[in-house]
Structure formats: structure tokens, C-alpha cells
Amino acid sequence: MKHIRNFCIIAHIDHGKSTLADRLLERTKTVTDRELLEQTLDSMDLERERGITIKSHAIQMQYPKDDQIYTLNLIDTPGHVDFSYEVSRSIAACEGALLIVDATQGIQAQTISNLYQAVDHDLTIIPVLNKMDMDSAMPEEVEDQIIDLIGCDRSEIIRASGKTGMGADDILDAIVDRILPPVGDADGPLQALIFDSVFNSFRGIIAYFKVVNGEIRKGDKVKFVNTAKQYEADEIGVLKLGMVKRDVLKAGDVGYIISGIKTSKEVKVGDTITHVQRPCDKAISGFEEVKPMVFAGVYPIDTDDYEDLRTAIEKLQLNDASLTFEPESSVALGFGFRCGFLGMLHMEIVQERLDREFGMDVITTVPNVPYKVYTKQDEVLEVHNPSGLPEPTLIESVEEPYIKAQMITHADFIGPIMTLCLSKRGELVNQHYITADRVELSFDMPLAEIVFDFYDKLKSISKGYASFDYYTTGYRTSKLVRLDVLLNGEPVDALSTLTHFDNAYTLGRRMCEKLKELIPRQQFDVAIQAAIGAKIIARETVKALRKDVTAKCYGGDISRKRKLLEKQKKGKKRMKQVGNVEVPQKAFLSVLKLD
Ligand code: GDP
Ligand code: MG
């Protein structure tokens with residue numbers, strides 16, 4: 001245990017975590033040449049393209065120092081708020097963290113929130129100033145920011161470049177010298193923390209863990225404490241570039257276990273592995289069930305693809321336990337599924353994977369957050385779908401999820417950011433000057449206000465310079481209503497949304513205006529109405545128009561006439577019949593993109 005160091009890397013996206021990690025792997029000869037992927041740690045295609053590490057991994061390095069060989073376990077963490085629970089479990093498995101800050105950019109929001117988690121877990125922080133090779137590096141200024149943030153000495157900050165390899169040896173030395181070895185009772189009952197799992201189509205689920213106390217041997221009968229399931233440790237080992245089998249892993253070690261588990265749902269990140277015989281007293285603290293925070297309807301474009309879509313989503317769920325789904329149907333869109341995602345990025349990833357890996361073209365409806373509804377009958381409902389909200393008269397109260405939002409920006413943008421956050425029902429909690437012209441702002445805000453387009457707006461008003469991060473803080477009572485849209489008196493379920501009462505009138509009016517643009521003229525007037533319960537709050541009309549497409553072909557040319565009719569039929573295919581009104585498919589999606 002004395003010669004083990006477990007560490008992770010905290011960095012804002014693009015500050016150079018993967019590049020620098022690669023340098024460490026090279027220096028320790030864990031990676032011998034560049035036959036490997038350009039960035040070893042980001043192995044999923046999608047990840048590489050997006051330039052973010054979506055799923056955490058771990059890798060073991062050997063580093064000789066002072067006549068000793070040290071085992072360094074780098075536990076990689078995902079870089080996006082959607083995956084912050086996984087980050088917290090990875091941090092919990094470490095004794096130290098490299099804090100990487102881009103010397104040209106300075107400290108950003110993501111850096112800070114992950115840093116707080118690391119400090120909470122008493123990790124040793126090694127500050128690293130990266131991208132020192134760049135002309136635009138501002139080392140003194142960014143060092144000041146780091147000193148202000150973590151209260152370290154200037155001499156503790158390592159200047160580095162993932163590009164040139166500068167500082168890599170200093171970082172490895174600092175990992176050995178400054179980070180404490182893991183502590184644990186090597187003879188106690190087994191207690192191992194699962195910090196990640198991956199799905200392998202041949203081997204099933206591979207769970208990554210850190211042994212906190214005791215030891216685990218190949219063939220042991222083990223139990224996962226929170227799920228209460230039992231397995232045999234068919235194979236255990238350590239993670240180098242690939243998996244390397246071992247017969248035993250001891251307190252302080254980081255490794256993997258394969259035990260015939262078929263689906264990712266069975267393995268929960270944060271769970272504790274112990275022995276069936278001689279179990280530990282209690283689970284490692286900090287376990288949480290990850291709950292989806294964004295829900296949306298996912299429908300096949302072609303209704304015949306419903307079963308294929310189900311198969312595809314089921315397959316995705318095998319390796320993505322945080323994806324949930326249940327069948328739902330919509331009068332307008334037919335049969336589909338209501339899916340739950342960790343956040344908007346997760347939703348985009350699932351959509352993209354459905355397309356790439358399964359060739360499924362889907363329509364995703366406007367996302368919403370989960371609400372807690374208290375009924376007059378003293379029931380508590382969790383509502384994931386506008387159609388699940390009871391009639392207003394039956395509702396006692398509604399609660400919605402809240403977040404703490406942190407933004408870091410140049411002082412010039414404080415005004416517009418305040419305006420934006422206040423318009424999203426935000427309440428300013430704190431305003432802190434990191435340096436003379438960089439400010440950290442924190443707000444309490446409803447999650448619903450940020451899931452849709454908040455980040456895009458923030459980027460545009462701050463010219464791309466504000467960084468943003470958030471974590472959920474619980475539920476608060478909210479004046480929530482369901483806004484329905486009626487076409488010629490018929491409610492259109494796929495167009496219903498849940499919204500705060502104060503926004504309902506504006507939203508209703510704008511939805512009607514937008515639909516008026518999107519719905520083509522038909523042979524009769526189409527009334528578009530927005531309603532809360534029985535109350536109509538906005539109305540527009542699409543005027544009738546008799547459109548005879550064959551009128552132009554003065555009788556004569558019959559083949560030309562037929563062609564036109566064919567064309568008209570095709571055009572109709574992309575329409576949905578709602579009551580007697582034809583609505584173009586795209587109306588269901590663009591209706592909420594109102595700005
Ligand atoms: P991550 O998102 O934190 O993992 O960042 P990456 O390692 O993917 O790096 C983001 C971008 O910065 C990539 O285009 C890298 O090539 C570049 N980069 C990373 N480190 C350095 C560095 O030290 N110097 C320079 N000039 N570019 C770097
Ligand atoms: Mg990366």
C-alpha cells in the first residue's frame with residue numbers, strides 16, 4: 001500500500017486533461033508508441049469527436065523513484081455536469097488530484113465545482129498550469145487565480161505543456177511526493193468501491209473498483225451491498241492499456257471484476273463489493289441512485305419502426321444504466337417511448353447513438369424535468385410527461401427540481417448575465433471577484449429553465465467567455481401549469497408543455513403565433529388555441545384557402561396532372577392528421593424554439 005498513489009485529474013473541458021494524461025502514460029512507458037489512439041483515455045468514437053471524456057476509466061502506471069517502483073493509478077473522470085455523480089465516485093476512490101488549468105484561459109466553472117468535491121473528500125491537490133508553450137499563456141495571472149482559489153504556495157504550482165511534454169516528470173514526482181498512499185485495513189472484511197462500469201459485448205459488465213479494506217481473490221463469492229445481489233468473481237485484475245488478470249487485489253488497489261453480469265442496471269456506481277462470508281458492516285457512504293433529470297418522448301419517424309426502436313433502446317440500456325424508458329403513445333406521433341436522461345448532453349448522445357449504431361431516425365419531443373405533484377387526495381405523483389399532470393382542480397401543489405448554478409465570467413458581462421438569470425427565475429446567491437475582472441456568480445434556479453437553451457444563450461451574451469456549471473439541490477414548490485394547444489377545439493397531446501404560471505400567457509401566445517406560421521392553410525379555417533385547463537388564454541386563426549393544384553393544367557395534359565397529384569400526396573406524408581387538421585411534423589419540434 002505504501003507504494004500506491006491513486007489520483008484523478010480535475011480540469012475544465014479543453015484545458016488539456018487527456019493530452020497531459022497521455023504524456024504521463026508515455027513517460028511511465030505504459031504506452032510505448034503512438035500505435036494507439038491519439039488520446040488513449042477517450043476511447044469511444046463519440047467522445048473523441050466531442051472532445052470530452054464521457055465515461056470514466058482507470059489506468060495503472062509504474063514509476064520508479066528513489067529506488068522504489070511506485071504504482072500510480074489514474075482514475076479518469078467525465079468532464080460534463082450530466083455525469084457529476086460519476087465524478088464524485090471517482091474522486092472518492094482517490095487520495096489526490098491534479099488540478100489542471102489552461103494558462104491561456106484561467107479558472108473556469110467546471111474546474112471549481114469539481115475542485116470543491118475533491119477538497120470535500122480531503123484529496124491532496126496538485127496545481128498544474130498547462131499549455132505553457134502557447135504565446136497567449138498568462139502564467140502569473142492564472143497562478144494568482146489558483147493561489148486565491150486553493151490557498152497554495154506559488155512554488156507548488158507546476159508549469160507544464162501537454163504538447164511539448166514540459167513538466168511531465170515534475171508532475172509524476174509530485175504525485176509520489178505529495179499524495180498520500182491509500183489507508184485501509186488490509187486484514188479487515190472486504191470493502192471495495194465501484195466507481196464505474198462498462199459493457200463489453202463478450203464479457204458482459206466489467207465493473208471498476210478500488211479496494212478500500214481487505215482483499216479480493218479470483219473465484220471469491222461476493223455481494224454488492226446496495227443491490228443485495230451475489231456473484232462469483234470470475235476474473236479480477238488491474239487496468240493497464242488493457243485488462244491484466246490477477247489472482248488477488250488488496251487494500252489500496254484499483255482494478256476490475258467480471259462476474260457474469262449481463263446488464264449495466266445490475267451494477268450501480270457507488271455500490272460496495274464485499275464477501276458473502278465475512279461481509280463488511282456497512283456500505284461505503286455516498287451511494288446514490290442516479291435519477292434521470294430530463295425526460296422526452298422519442299418516436300420513430302416511420303411508425304413501422306416502433307419495434308426496432310424498442311430493440312435499439314433496450315440494447316443501449318445494456319451499457320447505459322442511466323437511460324430509462326417506458327412506452328408512451330401520442331395521438332399526434334403514434335407509438336413511442338418516454339425516455340429519461342441525466343441531462344441534455346446525455347439526451348443528445350443517446351439520439352446520436354440511436355442514429356449511428358442502429359440507423360434509427362427519431363423525433364424527440366420537447367424535454368421536461370421531473371415534477372412532484374401532490375394531489376388533493378394526498379397522493380404524491382412523479383410526473384415525467386405533460387399528459388401525466390392531473391387536472392388543475394385535483395392538484396394541491398407541485399414541486400420542481402432546483403439547481404445551484406455557477407458561472408465565471410469577465411466583469412463586463414455581469415449585467416447581461418444577471419438579466420438572463422433573473423428572466424429564468426434565478427435568485428442571486430453569491431457574487432465573488434476571483435481577480436479584479438473575473439467574477440464568480442451563483443444563482444438558485446429551477447432546472448427546467450436551464451435544460452433547454454440556457455447555455456446557448458449564456459454563451460452568446462458573453463461572447464463565448466462565460467463558463468457554467470450546476471448541481472441539483474432539491475425540490476421547491478412551484479406554480480406549475482399544463483399548457484395545452486387545441487386545433488379546432490381538439491387538444492394535441494404532443495404539443496402540451498409544463499410551464500411556470502407566470503410564463504404561461506406569454507408562452508401560450510407565442511406558441512399560437514408560431515403554429516400559425518407552421519400550419520399550412522387548409523380548406524377551412526383552423527383555430528389555434530392555447531389553454532390552461534378549461535381556460536383559453538390565446539388564439540390565432542389560419543384562414544381557409546382552396547388550393548386546387550391541378551387548376552394550372554388547363555384540362556389537357558393528363559400525365560402532368562397525375563404527377564402533380566403524386567407530388568401532393570408525398571407532401572401529405574410528412575403531415576400528421578390531428579382531428580381534421582393537417583399539421584407538419586416539424587411543428588411538433590420547433591414550436592418551443594420560440595426565439
Ligand atoms: P480535455 O478536454 O481537458 O481532455 O483537453 P484535451 O487534452 O482534449 O485538449 C484540448 C485541446 O487543447 C486539444 O486540441 C489539444 O491538442 C490542446 N492542448 C492540450 N494541451 C496543450 C498544450 O499544452 N499546449 C497546446 N498548445 N495545446 C494543448
Ligand atoms: Mg479529454
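The values are calculated or read from the model by the stated rules, or taken from the named source; none is laboratory data. What you are looking at is a predicted structure, and each value in this text was computed from that prediction instead of being measured. Because the Cβ atoms are built from the backbone with ideal geometry, glycine has one as well, and the counts that use them run over all protein chains shown. Protein only, heavy atoms only, side chains kept; ligands, DNA and RNA dropped before computing areas. Shrake-Rupley method; radii C 1.70, N 1.55, O 1.52, S 1.80 Å.
Counting residues in the stretch 349-368 that are in contact with an Asp or Glu (Cβ under 8 Å, 6 or more places away or on another chain), aromatic (Phe, Trp, Tyr), closer than 30 Å to Tyr402 by Cβ and surrounded by fewer than 22 Cβ atoms within 10 Å (Cβ to Cβ) gives zero.
Check whether at least one residue in the stretch 380-390 is among the hydrophobic types (A, V, I, L, M, F, W, C) and part of a loop (DSSP other than H, G, I, E, B), and report yes or no. Checked the stretch 380-390: at least one residue is among the hydrophobic types (A, V, I, L, M, F, W, C) and part of a loop (DSSP other than H, G, I, E, B). Filtering the stretch 1-32 to residues that are in a strand (DSSP E or B) and within 7 Å of ligand 1 (Cβ to nearest atom) leaves only Ala11.
Within the stretch 156-181, residues that are more than 16 Å from Val142 (Cβ to Cβ) and open to solvent by 10 Å² or more (accessible area, probe 1.4 Å) have Cβ atoms under 8 Å from residues that are within 16 Å of ligand 1 (Cβ to nearest atom) and among the polar types (S, T, N, Q) in these pairs: Lys163/Thr19, counting only partners at least 6 apart in sequence or on another chain. The single condition among (1) at pLDDT below 85; (2) open to solvent by 80 Å² or more (accessible area, probe 1.4 Å); (3) of a type in the set (Val, Ile, Thr) that Val549 does not satisfy is (2). Checking Val366, Val362 one by one, the residue that is at pLDDT below 90 and in contact with a Ser or Thr (Cβ under 8 Å, 6 or more places away or on another chain) is Val366 and no other. Does Asp153 satisfy the condition of being free of Cβ contacts under 8 Å to residues at least 40 places away in the same chain and in the same structural domain as Ile107 (by the TED database)? Yes. Within the stretch 146-176, the residues that satisfy the criterion of being away from ligand 1 (no atom under 16 Å from the Cβ) and among the β-branched types (Val, Ile, Thr) are Ile146, Ile147, Ile150, Ile175, Val176. The residues of the stretch 437-461 that are touching a helix residue (DSSP H, G or I) at 6+ places or on another chain (Cβ under 7 Å), free of Cβ contacts under 8 Å to residues at least 60 places away in the same chain, closer than 30 Å to Lys514 by Cα and buried (at least 21 other Cβ atoms within 10 Å of the Cβ), listed by number, are Met445, Leu458. Looking across the stretch 510-527, the residues that are more than 36 Å from the chain's Cα centre (by Cα) and of a type outside the set (Lys, Arg) come down to Pro520, Gln522, Gln523, Phe524, Asp525, Val526, Ala527. The listed residues are Ile147, Ile112, and the only one of them that is part of a helix (DSSP H, G or I), over 28 Å from the mean Cα position of the chain (by Cα) and either β-branched (Val, Ile, Thr) or surrounded by 20 or more Cβ atoms within 10 Å (Cβ to Cβ) (or both) turns out to be Ile147.
When the stretch 12-30 is limited to residues that are aliphatic (A, V, I, L, M) and more than 13 Å from ligand 2 (Cβ to nearest atom), the one that is farthest from Met407 (Cα to Cα) turns out to be Leu25. Selection of the stretch 348-364 for residues being outside any helix (DSSP H, G or I) and within 18 Å of the chain's Cα centre (by Cα) yields only Thr364. Once the stretch 469-506 is narrowed to residues that are of a type outside the set (Gly, Ala, Ser), under 27 Å from the mean Cα position of the chain (by Cα) and in a helix (DSSP H, G or I), the residue that is surrounded by the fewest Cβ atoms within 10 Å (Cβ to Cβ) is Asn503. Taken together, the criteria exclude Glu326 from residues that are outside the structural domain of Thr497 (by the TED database) and more than 24 Å from Val269 (Cα to Cα). Total residues in the stretch 14-29 satisfying the condition of being closer than 19 Å to Thr111 by Cβ and either acidic (Asp, Glu) or not assigned by the TED database to the domain that holds Val101 (or both): the figure is 1.
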